1. Take residue 179 and tell me if it is β-branched (Val, Ile, Thr), buried (at least 19 other Cβ atoms within 10 Å of the Cβ) and in contact with a strand residue (DSSP E or B) (Cβ under 9 Å, 6 or more places away or on another chain).
2. Considering region 61-80 alone, what residues qualify as being assigned to a helix (DSSP H, G or I) and either surrounded by fewer than 16 Cβ atoms within 10 Å (Cβ to Cβ) or in contact with a strand residue (DSSP E or B) (Cβ under 8 Å, 6 or more places away or on another chain) (or both)?
3. Answer yes if at least one residue in region 51-58 is surrounded by 12 or more Cβ atoms within 10 Å (Cβ to Cβ), touching a residue at least 12 places away in the same chain (Cβ under 8 Å), closer than 22 Å to residue 113 by Cβ and not small (Gly, Ala, Ser), and no otherwise.
4. Counting just the residues of region 139-169 that are among the aromatic types (Phe, Trp, Tyr) and surrounded by fewer than 21 Cβ atoms within 10 Å (Cβ to Cβ), which one comes out modelled with the highest pLDDT?
5. Name the one entry in 61, 93 that is under 22 Å from residue 141 (Cα atoms) and among the small types (Gly, Ala, Ser).
6. For region 183-201, enumerate the residues that are in a loop (DSSP other than H, G, I, E, B) and touching a helix residue (DSSP H, G or I) at 6+ places or on another chain (Cβ under 6 Å).
Amino acid sequence: MKILSIIFWVLITTSLFSQTRTHDTTPTKYQLDSLKTELGTLFMKDQTFRRIFKEAEKKLGKESEAYAYFWEVVEAQDKIIEKDVSNIIDKYGWLGISQIGRLANTTLWVVIQHGSVTTKEKYAPLLKASVLKGESQGIHYARLIDRMLINSNQPQLYGTQYTYDNPPVFFDIEEPELINQRRQELGLNSIQEYAQSINIVWTVKQKQ
C-alpha cells in the first residue's frame, strides 16, 4: 500500500514538468472577463443540485428510484461542465486568481474534483504548478490528491480526508511523521492545527 501511494504521488508530481503547458493561447483582458463570468455560471451549475441533495434524500428516500435519478441528473450535468472546463484549461492553461478572481479559479478545481479519474490525473500537475506560483489555493490540490488516493484504497498524503464519525478519524496517512513537510510545501497550516479545528487529537511527532 505504501509503495502504491508513493508511485502515485511520484507520477502526479513528476508529470508536472511535462504537462504544465497544454495550451498556446494567452487570453486578453476581454477574454479573461468573459471567462470569469462563464466560470461563475459553471460554478452555479455544479453546486445547485449539491446544495439540495440532503433535502432530496429526506423527501425522496435514500434508496428510492427518484433519488437515484436525482444523482443521474447531477452526473450527467457534471460531464457537460467537465467538458466545458477542460476546454478552457486546454486552451488557456490553469488560470490563476490574479487573472480571473478567486471564485472562477475555485471553479476549475471544483469541476475537476467532480470529474473523471483521467481528468483529475491530467490536470492535477497544472493545479500544483499554479499553487506553487501562489495563483491557486494549496488546499484544493491537497484535497484533489487525497481523494484520488483514498478512492484508490491508498493512504492520503496531506490529511484532508476524515470520517464523519463522532469523534472523526483521519483516513490512513502515508508516513504521518512527514505530513507537515508536505503540507508546508503547499502553504497549508500544520496538521496539529488542522486536526484541532476538526476535533481530532493528533499525536504523531513530526520529523524535521
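The values are calculated or read from the model by the stated rules, or taken from the named source; none is laboratory data. Please read these numbers as outputs of a predicted model, since none were measured by experiment. Because the Cβ atoms are built from the backbone with ideal geometry, glycine has one as well, and the counts that use them run over all protein chains shown.
1. Numbers: β-branched (Val, Ile, Thr): yes; buried (at least 19 other Cβ atoms within 10 Å of the Cβ): yes; in contact with a strand residue (DSSP E or B) (Cβ under 9 Å, 6 or more places away or on another chain): yes.
Criteria met by residue 179.
2. Our first condition is that a residue be assigned to a helix (DSSP H, G or I); within region 61-80, this holds for 65-80.
Passing the criteria: 65, 66, 68, 69, 71, 72, 73, 75, 76, 77, 79, 80.
3. So the first thing to find is which residues in region 51-58 are surrounded by 12 or more Cβ atoms within 10 Å (Cβ to Cβ), and the list is 52-53, 56-57.
Those left that are additionally touching a residue at least 12 places away in the same chain (Cβ under 8 Å): 53, 56.
Still in the list and also closer than 22 Å to residue 113 by Cβ: 53, 56.
Narrowing further to those that are not small (Gly, Ala, Ser): 53.
For region 51-58, residues surrounded by 12 or more Cβ atoms within 10 Å (Cβ to Cβ), touching a residue at least 12 places away in the same chain (Cβ under 8 Å), closer than 22 Å to residue 113 by Cβ and not small (Gly, Ala, Ser): present.
4. Initial filter on region 139-169 (among the aromatic types (Phe, Trp, Tyr)): 141, 158, 162, 164.
Still in the running and surrounded by fewer than 21 Cβ atoms within 10 Å (Cβ to Cβ): 162, 164.
On the way: 162: 97, 164: 88.
Result: 162.
5. Details: 61 fails: under 22 Å from residue 141 (Cα atoms).
After applying the criteria, what remains is 93.
6. Our first condition is that a residue be in a loop (DSSP other than H, G, I, E, B); within region 183-201, this holds for 186-190, 198-201.
Answer for region 183-201, where residues must be in a loop (DSSP other than H, G, I, E, B) and touching a helix residue (DSSP H, G or I) at 6+ places or on another chain (Cβ under 6 Å): 186, 187, 188, 190.
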